[in-house]
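Participant: There's a structure below that I have some questions on.
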Amino acid sequence: MLALLMAWLYLPIITHLALQWWNDPNFSHGFFVPAFSAYVVWLDRDRIANLSPKASWWGLAVIFLGLMMLVLGDLGAELFLSRISLLVLIAGLVIFLLGWNYLRVILFPLAFLILMIPIPAIVFNQVTFPLQLIASKIASSILPALGVPVLREGNIIGLPLMQLEVAEACSGIRSLMSLTTLAIIYGYLMESRTWARIVLAVASLPIAVATNSVRIVGTGLLVQYWDPDKAEGFFHVFSGWLIFVLSLITLFLFHYLLRVFWPAKAGGART
């Protein structure tokens, strides 16, 4: 009955969320997030089965909070609040029906689901523009060393043959969110040390920014030494995929160095 009630409440919200994953490349990684969370719960199935239910009335307060977030999100047309209320409601139900000990076990996969929810537009815009400026500054600092004169004005890089605009799509926000999500998944699967998992997740941020700057530098070199028309169309899209692969390789290399300089203790337990 609870499952049917939640489906009735959240089916339109989840449907709209899935459509956004499908139509917005910035959040296409959302499809992988619930699948990985379910996989983590499945890995811990024996541990969960051995727990003793210790239902807590505090769960009702969390359930009430989740429902209030849903109502306020619907009334204010704030999608993020409506979507995040689902996770709060699930946490409240787990506490109320099973207890805090169950919530502690599923806390990581439940918290990981936050990454499937697109950030609010106001936050997205506040993050995107600084990333555009950072990428522009780095690229305009490297290109002159490679023989390409530049004149930068904000996120516009003036080259002798054309102007490059580091637009929102080229800010690196897409690769940043996808790489951070993959870094958390990779760290969970490949690392047993909690601190190393956190370091990998944090390292994904500068890696995404640096590799995106490499993409802009490559575009500038393409314009200067080959053909300005090649900087658009297929080559522009292909370079995005190529740089994302480079980001993954850099992350793997960083993890390799991490294990070389700070090797895990033999027999360390997975946490």
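Quick note: the coordinates plus some simple rules give every number you see, no bench work behind them. Computed from a predicted structure; not experimentally measured. No Cβ is skipped: glycine too gets one built from the backbone with ideal geometry, and neighbour counts run over all protein chains shown.
Participant: Arranged by the count of other C-beta atoms within 10 angstrom, fewest first, what order do LYS54, LYS137, LYS265 take?
Facilitator: On the way: LYS54 11, LYS137 16, LYS265 8.
In order of increasing Cβ crowding within 10 Å: LYS265, LYS54, LYS137.
Participant: Rounded if a/c is under 1.5, else prolate if a/b beats b/c, else oblate: with a ≥ b ≥ c from the C-alpha gyration tensor eigenvalues square-rooted, which is segment 69-175? Spell out each step's value before the answer.
Facilitator: Details: a/c = 6.17, a/b = 2.71, b/c = 2.28.
Prolate, because a/c is 1.5 or more and a/b exceeds b/c.
Participant: Whole angstrom only: what separates the Cα centroid of segment 3-69 from the Cα centroid of segment 100-117?
Facilitator: After rounding, the separation between the Cα centres reads 8 Å.
Participant: Mind listing the long-range amide H neighbours of ARG152? Cut-off is under 5 Å, sequence gap 5 or more, other chains count too, H placed in the peptide plane at 1.01 Å from N.
Facilitator: Amide H neighbours of ARG152: GLY158.
Participant: Assuming R0 = 45 Å, can you tell me the calculated FRET efficiency for the pair VAL41 and ILE156, based on Cβ-Cβ distance, to the nearest 0.05?
Facilitator: Numbers: r = 48 Å, r/R0 = 1.06.
In this case the efficiency is close to 0.40.
Participant: ALA264 to ALA77: FRET efficiency via 1/(1 + (r/R0)^6), r the Cβ-Cβ distance, R0 30 Å, to the nearest 0.05?
Facilitator: Working: r = 48 Å, r/R0 = 1.60.
Efficiency computed from Cβ-Cβ geometry: 0.05.
Participant: If packing is taken as the average number of other Cβ atoms within 10 Å across a peptide's residues, how do 114-121, 249-256 rank, most packed first? Mind showing how you got there, number by number?
Facilitator: On the way: 114-121: 16.8, 249-256: 15.2.
Most protected by this proxy first, the peptides run 114-121, 249-256.
Participant: Could you size up the charge dipole of the chain around its Cα centre, putting +1 on the beta carbon of Lys and Arg and -1 on that of Asp and Glu, and report it in debye to the nearest 20?
Facilitator: Numbers: 15 positive and 12 negative charges, 221 e Å.
Dipole of the chain, to the nearest 20 debye: 1060 debye.
Participant: Between VAL123 and SER141, how many nm apart are label points set 7 Å from Cα along the C-beta direction?
Facilitator: So the two model labels end up 2.8 nm from each other.
Participant: Next question. Relative contact order for segment 22-131 using alpha-carbon pairs under 8 Å, separation at least 6, rounded to a whole percent?
Facilitator: Taking the mean separation of contacting Cα pairs over the length of segment 22-131, I get 35 percent.
Participant: Given the peptides 80-89, 24-33, arrange them by the average over their residues of other C-beta atoms within 10 Å, most packed first.
Facilitator: 80-89, 24-33
Participant: Which whole number in µm²/s is D for the chain by Stokes-Einstein, with the Kirkwood Rh taken over Cα pairs at 10 °C and 1.306 mPa s? Please report the intermediate quantities before stating the final value.
Facilitator: Details: Rh = 21.2 Å.
It diffuses with D of about 75 µm²/s by this estimate.
Participant: Continuing with this model, one more query. From the P(r) of segment 1-137, could you give the percentage of C-alpha pairs in the tail past 19 Å? If you can, show how the numbers build up before the last one.
Facilitator: On the way: 5451 of 9316 pairs.
Here the long-distance tail beyond 19 Å is 59 percent of all Cα pairs in segment 1-137.
Participant: Based on DSSP H runs of at least 4 residues, each adding -39500 (n - 2.57), what is the mean residue ellipticity at 222 nm of the chain after dividing by all its residues, to the nearest 500 deg cm²/dmol?
Facilitator: Details: 10 runs with 189 residues, N = 271.
My calculation for the chain gives -24000 deg cm²/dmol from helical runs alone.
Participant: What ranking of LEU161, LEU248 emerges when the number of other C-beta atoms within 10 Å of each C-beta is taken as an exposure proxy, fewest first? Can you show the working numbers first?
Facilitator: Values: LEU161 12, LEU248 19.
Ascending number of Cβ neighbours within 10 Å: LEU161, LEU248.
Participant: Taking Cα pairs under 8 Å and at least six residues apart, what relative contact order does the chain come out at, in percent? Write out the running numbers ahead of the final one.
Facilitator: Numbers: 311 pairs, mean separation 41.4, N = 271.
It comes to 15 percent, rounded to a whole number.
Participant: Continuing with the same structure: Would you order LEU242, LEU5 from fewest to most other beta-carbon atoms within 10 Å of each residue's own beta-carbon? Could the numbers behind the result be given before it?
Facilitator: Working: LEU242 15, LEU5 9.
Neighbour counts put them in this order, fewest first: LEU5, LEU242.
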